[in-house]
Amino acid sequence: MSRGSKTPSLNCSSQLVVDWSRQLCSSFTNNTCVSVPRVKDDKMDEYHNEGSFNTEEADSIVKECIENVVGGDDYNQNLVNKWTSAIVERCLTQLVKLGKQYKFIVTCALMQKTGAGLHTANSCYWDTAMDVSSTVRWESRTMYCVVSVFAVAVV
């Protein structure tokens, strides 16, 4: 609730269920965005249109980082902490190099393929006109990796 608004309006909601394996292992991602009204500012609109965040570019960066860190390796419980830290650090480094005026939050979940379900959910209270999120699901023969990127515009 901001700038005189008493009730936030629900702007978008998406749900995606993906079957990741023949053993009925599924991933559940639920993103809910709540709009926060903002004051009209033509200079900021012009600035953010020029430097807007491209989720396809971010997805590509995330996939490349995952491939570079875990690539063709088999799941190894002893390396999971190292892998997840390296994935989020590389993603953040590459996203910052884009030079966009955003603050970034990156999360990573890495799980061995065993036939168990993996459920994730994200909820954001922000300005849906300027802030964005993206989730990348990646899998190999032995593991799943889910990386979420949240880009919050610096106003």
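Worth pointing out:
- Qualifying positions in segment 61-88 - in a helix (DSSP H, G or I), hydrophobic (A, V, I, L, M, F, W, C) and open to solvent by less than 50 Å² (accessible area, probe 1.4 Å): Ile61, Val62, Cys65, Ile66, Val69, Val80, Trp83, Ala86, Ile87, Val88
- Pairs with Cβ under 6 Å, 6+ apart, first in segment 115-131 and farther than 16 Å from Val147 by Cβ, second of a type in the set (S, T, N, Q) and in a loop (DSSP other than H, G, I, E, B): Gly115/Gln23
- Hits in segment 130-142 - residues which are within 19 Å of Glu57 (Cβ to Cβ) and assigned to a loop (DSSP other than H, G, I, E, B): Met130, Asp131
- Out of Ala58, Ala121, one residue alone is small (Gly, Ala, Ser) and either open to solvent by 70 Å² or more (accessible area, probe 1.4 Å) or assigned to a strand (DSSP E or B) (or both). It is Ala121.
- The residues on offer are Cys145, Cys91, Cys108, and the sole one that is outside any helix (DSSP H, G or I), under 14 Å from Val69 (Cβ atoms) and either free of Cβ contacts under 8 Å to residues at least 60 places away in the same chain or open to solvent by 30 Å² or more (accessible area, probe 1.4 Å) (or both) is Cys108.
The values are calculated or read from the model by the stated rules, or taken from the named source; none is laboratory data. Because the structure is predicted, anything quoted here is derived from the model rather than measured. All Cβ positions, even for glycine, are placed from backbone atoms using ideal geometry, and neighbour counts span all protein chains on display. Accessible surface is based on the protein model in full, side chains and every heavy atom, while ligands, DNA and RNA are left aside. Shrake-Rupley method; radii C 1.70, N 1.55, O 1.52, S 1.80 Å.
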